[in-house]
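The values are calculated or read from the model by the stated rules, or taken from the named source; none is laboratory data. Predicted, not measured: the structure shown is a model, and the values here were computed from it. Positions of Cβ are generated from backbone atoms using ideal geometry, with glycine treated the same way; all protein chains shown enter the neighbour counts.
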Amino acid sequence: MSAIAGLDDETVRSMAVGSIFDDYVGKISCLDFHRTEDLLITSCEDDSIRLYNITNATLLKMTYHKKHGADRVCFTHHPNSILCSSRYDLESTESLRYLSMYDNRCLRYFKGHKERVVSLCMSPINDSFMSGSLDHSVRLWDLRVNACQGIMRLRGRPTVAYDQQGLVFAVAMEGGAIKLFDSRSYDKGPFDTFLVGGDTAEVCDIKFSNDGKSMLLTTTNNNIYVLDAYGGEKRCGFSLEPSPNLTSEATFTPDGQYVVSGSGDGTLHAWNINKRSEVACWNSYIGVVTCLKWAPRRAMFATASTVLTFWIPNQSKLNEECSTAEAGHGG
């Protein structure tokens with residue numbers, strides 16, 4: 001599988017299923033790529049956490065977490081260590097765990113949230129991480145300390161994300177408001193607030209592009225928006241087919257030029273955000289996709305429902321497209 005170079009419409013259009021993992025029992029809750037290693041982690045309703053090598057599409061490790069369950073997952077900086085939110089007994093149990101996949105050990109518990117954690121992200125530059133819960137709080141933590149380092153009470157379903165430089169984090173709350181904080185002095189309050197004009201649906205996912213210039217929002221009413229991360233202006237927006245009780249996830253490509261998302265009718269879509277146009281539409285082959293992320297350093301993305309699929313460029317299709325383009329150009 002090739003390392004990422006410049007993506008273009010033809011390469012994105014050529015993406016096709018390279019590997020399928022259909023041995024899950026239940027819906028896959030979450031997936032995350034490691035920032036610097038070729039690894040993917042998934043969590044599932046069957047209480048499993050699975051670690052994959054994405055260069056050769058192999059399962060490296062599978063652990064079960066029957067006591068707490070496995071809901072949201074994300075990598076820490078160490079390739080064998082992850083954060084995982086609990087699914088069961090949230091009133092009385094540890095809502096977050098810091099786990100070693102190497103020896104299946106819990107390195108630390110984090111107590112505080114009283115309801116399900118719906119957003120979890122690790123700082124790209126240090127040991128800080130954030131969690132947003134249906135108990136209407138966002139908590140800030142440090143991997144090295146059990147106690148919560150900071151808490152924000154807010155209305156609505158909170159969603160959190162760090163920018164790729166770790167200097168800023170975004171919190172989405174009721175009414176589609178996005179507040180930006182300086183991660184070094186968040187206690188001073190937000191330095192900016194954006195509103196997605198005309199859409200008051202709750203934001204269920206936020207991602208920053210790698211260059212920090214754009215922000216990708218997915219809302220609970222199946223709209224996707226790309227905002228300018230500095231001024232909050234809407235660069236483009238796309239609507240998807242709804243799917244009852246399911247929210248889709250969208251992702252930037254590593255160059256920030258394309259957005260890929262699932263839709264409620266079981267299709268996948270890719271848009272060129274500079275041209276504001278759709279460049280590809282695929283059958284997902286696995287029904288409605290609930291988790292979707294593009295690998296940080298590869299021409300590859302992963303999608304999940306009750307099945308996990310890896311998508312890579314189909315070289316023969318790509319060669320065919322290039323030949324057609326050249327023939328057209330020659331004519």
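Among the residues of the range 213-224, the ones that are modelled with pLDDT of 90 or more and either touching a helix residue (DSSP H, G or I) at 6+ places or on another chain (Cβ under 9 Å) or among the aliphatic types (A, V, I, L, M) (or both) come to 4 in all.
Among the strands (runs of 3 or more DSSP E) confined to the range 64-157, the ones with at least 2 residues that are surrounded by 14 or more Cβ atoms within 10 Å (Cβ to Cβ) and of a type in the set (Gly, Ala, Ser) are located at 81-85, 128-133. Candidates are the residues of the range 164-183 that are of a type in the set (Gly, Ala, Ser) and part of a helix (DSSP H, G or I); the one that is surrounded by the fewest Cβ atoms within 10 Å (Cβ to Cβ) is GLY175.
From the list LEU268, LEU240, LEU308, LEU246, the one residue that fits, being out of contact with any strand residue (DSSP E or B) (no Cβ under 8 Å at 6 or more places or on another chain) and closer than 30 Å to ALA57 by Cα, is LEU246.
Only one residue in SER243, SER323, SER263, SER316 is out of contact with any Phe, Trp or Tyr (no Cβ under 6 Å at 6 or more places or on another chain), more than 28 Å from PHE21 (Cβ to Cβ) and either of a type in the set (Val, Ile, Thr) or at pLDDT below 95 (or both), so which one is that? Give the steps one after another, and end with the answer.
Values: SER243 fails: more than 28 Å from PHE21 (Cβ to Cβ); SER263 fails: more than 28 Å from PHE21 (Cβ to Cβ); SER316 fails: more than 28 Å from PHE21 (Cβ to Cβ).
Only one candidate passes the filter, namely SER323.
Determine if the range 201-218 includes at least one residue that is crowded, with 17+ Cβ neighbours inside 10 Å, among the aromatic types (Phe, Trp, Tyr), in contact with a strand residue (DSSP E or B) (Cβ under 7 Å, 6 or more places away or on another chain) and within 22 Å of PHE33 (Cα to Cα). Yes. Residue count for the range 280-300 satisfying the condition of being touching a Phe, Trp or Tyr at 6+ places or on another chain (Cβ under 9 Å) and within 24 Å of ASN221 (Cβ to Cβ): 5. Of the residues making up the range 45-54, one or more are in contact with a Gly (Cβ under 7 Å, 6 or more places away or on another chain) and at negative phi.
Being under 18 Å from the mean Cα position of the chain (by Cα), farther than 17 Å from SER119 by Cα, in contact (Cβ under 8 Å) with a residue 24 or more places away in the chain and in a loop (DSSP other than H, G, I, E, B) is the filter here, so list the residues in the range 201-236 that pass it. Once the filter is applied, which keeps residues that are under 18 Å from the mean Cα position of the chain (by Cα), farther than 17 Å from SER119 by Cα, in contact (Cβ under 8 Å) with a residue 24 or more places away in the chain and in a loop (DSSP other than H, G, I, E, B), the range 201-236 yields SER209, ASN210, ASP211, GLY212, LYS213, ASN222, ALA229.
Scan the range 24-40 and give yes if some residue there is surrounded by fewer than 21 Cβ atoms within 10 Å (Cβ to Cβ), of a type outside the set (Lys, Arg) and under 14 Å from ILE312 (Cβ atoms), otherwise no. Within the range 24-40, one or more residues are surrounded by fewer than 21 Cβ atoms within 10 Å (Cβ to Cβ), of a type outside the set (Lys, Arg) and under 14 Å from ILE312 (Cβ atoms).
Filter the strands (runs of 3 or more DSSP E) completely within the range 237-304 down to those with at least 1 residues that are small (Gly, Ala, Ser), crowded, with 20+ Cβ neighbours inside 10 Å and touching a Cys at 6+ places or on another chain (Cβ under 7 Å). Per the criteria, 301-304. Just one of the numbered conditions (1) surrounded by 15 or more Cβ atoms within 10 Å (Cβ to Cβ); (2) closer than 21 Å to ARG235 by Cβ is not true of TYR186: (2). Of all residues in the range 53-91, exactly one satisfies the criterion of being aromatic (Phe, Trp, Tyr) and touching a residue at least 40 places away in the same chain (Cβ under 8 Å), namely PHE75.
Selection of first residues in the range 247-263 that are among the charged types (D, E, K, R) and of second residues that are assigned to a strand (DSSP E or B), restricted to Cβ pairs under 6 Å at least 6 apart or on distinct chains, gives the following pairs, ordered by first then second residue: GLU249/ASP205; GLU249/CYS291; GLU249/LEU292.
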